[in-house]
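Here is the structure we will look at, set down as structure tokens.
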Ligand code: ME8
């Protein structure tokens with residue numbers, strides 16, 4: 001009989017920068033689910049990949065002075081890139097898709113044409129509010145305080161000839177889908193989608209762009225590229241061979257379970273099923289929207305620059321410790337506050353103390369009392385029952401949580417068993433039994449029961465910390481056949497398992513999780529985050545006072561400030577320079593300030609520089625900023641803001 005299939009995916013990440021611990025969290029969680037399903041005997045297809053098109057990538061590549069393809073190649077496949085990160089984190093994906101692969105590009109063109117041919121895509125003109133970092137058009141009513149509802153940043157007016165997808169046509173079936181069964185989880189996200197997006201009225205979706213080139217061209221209308229989200233969402237299908245001949249697994253594995261972060265649930269639970277309905281394909285079995293890892297309550301993000309580096313943490317703490325921490329600490333559907341203290345505490349209390357100690361103490365006792373081999377002759381005792389019942393019940397309880405993707409609760413069940421086994425050592429006092437020759441058989445039973453508790457624990461922890469479990473299985477002398485789901489004891493059984501019945505030979509090994517000195521480690525981590533002071537720049541050659549006096553520097557007041565269209569960096573300032581006329585100056589400080597932070601402030605400008613054109617607009621002078629440079633040469637600009645008491649037009653001397 002062929003195995004039941006299970007297809008699971010992560011979002012495909014933007015290779016606009018190195019990935020951080022948030023991406024790692026999602027991928028590790030999906031990996032644990034995939035490994036769990038394999039353990040349960042499913043034929044699993046686990047897909048991850050990268051979402052490589054779009055304006056943001058095009059702009060980043062331009063800034064870096066390379067082609068978009070070269071830019072993404074480096075981030076995805078280069079040293080220390082995304083592929084390396086997943087290898088490091090022991091991710092067991094079966095396939096990796098890049099949306100720049102030829103087979104995907106060709107398939108997207110066919111899919112776009114199919115929706116055009118069936119009338120679900122039509123040509124129109126788009127007027128709207130556009131958020132560049134999110135690459136999303138919004139209607140006025142969707143904005144929150146006039147800003148992008150996803151990221152909170154300012155949006156700008158945009159208009160272009162474009163193709164539209166008839167999303168409005170699918171409002172009813174999508175609502176029915178959301179309301180029926182368990183398509184979207186956690187359930188709390190269903191109301192959010194219906195109330196925030198479907199009830200206010202689903203508008204048709206703009207699905208092509210002409211303002212940039214880096215995307216899948218619409219083959220029947222060159223000049224248009226396919227909206228990056230259409231390109232991205234269909235990766236889940238093209239990676240199996242949908243609309244292409246690169247693979248032939250679509251029939252076998254479709255439909256998927258899509259694991260995504262909560263901020264992209266809207267795309268996955270509204271737009272994605274609507275498009276699948278349009279092309280007549282089955283919708284995903286489930287979309288699961290997990291929570292965010294936050295720092296001090298705020299989202300970690302590449303653009304905010306407050307990211308935590310998974311490479312660094314894996315190097316300091318070990319891959320399994322990091323994987324475990326992420327999945328043990330934060331309920332999968334909710335946000336979780338990341339901190340180094342929490343990470344260290346979890347490793348020390350759960351992995352070093354509870355789990356690691358149980359294994360090392362048990363193995364050490366078997367060596368000490370039996371020279372490494374527990375004899376087959378055993379004698380049961382009163383404290384055994386509670387431990388043995390828990391051993392038998394835990395796999396089923398764990399499975400119930402794992403099947404619902406409640407990974408932290410699955411681990412909770414395992415740690416209940418670990419705690420019970422540790423307590424069992426105190427109850428049975430093996431060191432006292434060992435002193436009495438007549439208690440050998442009893443001592444053998446105690447050791448076998450402990451080893452059985454560890455064996456069950458290891459099977460259940462394998463999806464989370466696979467490398468450590470492989471090492472620990474060696475230590476407790478479990479054969480390959482004793483590491484499988486089928487070898488687990490069952491709740492209704494009255495014997496423990498075959499493992500409990502034969503001689504067991506242990507092999508002492510390395511400490512699985514050494515205890516971490518919290519204060520010392522925190523200090524080390526802090527030192528890594530402290531920016532090193534770059535060497536001071538040498539003072540420039542002398543100028544005369546007369547030369548200096550030629551620079552007309554004055555205090556100006558910022559009357560208004562706005563972002564310059566299509567530029568990531570530039571802000572346009574309208575200034576009062578004391579002359580009575582308004583002055584326009586452009587300044588490349590958008591990365592460091594939002595316009596609304598600056599309006600009303602007084603700054604310093606040099607006024608007598610020749611006019612200069614930037615992004616089609618004229619700048620008459622320059623606002624002065626102090627440059628903070630780190631050791632890598634990254635610059636941070638601090639606008640020279642002066643006290644409100646200083647009058648506008650005051651000259652600097
Ligand atoms: O959105 N906490 O890519 P992306 C937890 N390309 N998870 C986080 C996180 C955080 N702080 N930050 C990111 C995209 N993630 C699109 C997806 S799919 C067809 C296209 C995780 O690089 C989380 O899973 O911005 C989130 O949804 C995903 O990374 C976004 O990655």
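Derivation of every value follows stated rules applied to the coordinates shown; laboratory data play no part. Bear in mind that the values here come from a model prediction, so they are computed numbers and not experimental data. Every residue, glycine as well, gets a Cβ built from its backbone with ideal geometry; the counts of neighbours run over all protein chains shown.
Summary table below
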quantity: Rounded to 10°, Cα long-axis angle of helix 357-370 versus longest principal axis of the chain; calculated: 30
quantity: Prolate/oblate/rounded call for region 314-421, Cα gyration tensor, a/c under 1.5 rounded; calculated: oblate
quantity: Principal-axis tilt of helix 55-64 within the chain, Cα atoms, nearest 10 degrees; calculated: 80
quantity: Region 20-158: C-alpha pair distances exceeding 22 Å, %; calculated: 60
quantity: Surface/4 of the Cα convex hull for the chain, nm²; calculated: 36.1
quantity: Computed over region 379-425, Kirkwood Rh from alpha-carbon pairs, angstrom; calculated: 11.2
quantity: Sorted peptide list for 610-617, 422-429, criterion being average Cβ within 10 angstrom, highest first; calculated: 422-429, 610-617
quantity: Helical contribution to [θ] at 222 nm, DSSP H n ≥ 4, -39,500 (n - 2.57), averaged over the chain, rounded to 500; calculated: -11000 deg cm²/dmol
quantity: Euclidean distance between Cα centres, region 377-445 to region 37-88, Å; calculated: 44
quantity: Cα-based equivalent ellipsoid of region 368-448: semi-axis lengths in Å, sorted from largest, via gyration tensor; calculated: 31, 11, 11
quantity: Tensor-based shape of region 407-525 (alpha-carbon gyration tensor, a/c under 1.5 rounded, otherwise prolate or oblate); calculated: oblate
quantity: Potential extension, residue 69-residue 103 segment - 0.36 nm per residue separation minus Cα distance; calculated: 10.7 nm
quantity: Packing-based order for 288-294, 323-329, using average beta carbon neighbours within 10 Å, highest first; calculated: 323-329, 288-294
quantity: Point-to-point label distance, residue 617-residue 386, nm (Cα→Cβ direction, 7 Å offset); calculated: 7.2
quantity: Nearest 10 degrees, 0 to 90: helix 440-461 Cα axis against the chain principal axis; calculated: 30
quantity: Taking N as its residue count, the alpha carbon Rg of region 339-505 over 2.2 N^0.38 Å; calculated: 1.01
quantity: Cβ-Cβ FRET estimate between residue 609 and residue 159, R0 fixed at 41 Å, reported to 0.05; calculated: 0.75
quantity: Cα→Cβ-extended label distance, 7 Å offset, between residue 211 and residue 539, nm; calculated: 4.8
quantity: Antiparallel content of DSSP bridges confined to the chain, in %, to 5; calculated: 70
quantity: Percentage, to the nearest whole number, of Cα pairs in region 545-642 over 17 Å apart; calculated: 51
quantity: Shape call, region 37-119: gyration tensor on alpha carbons, a/c limit 1.5; calculated: oblate
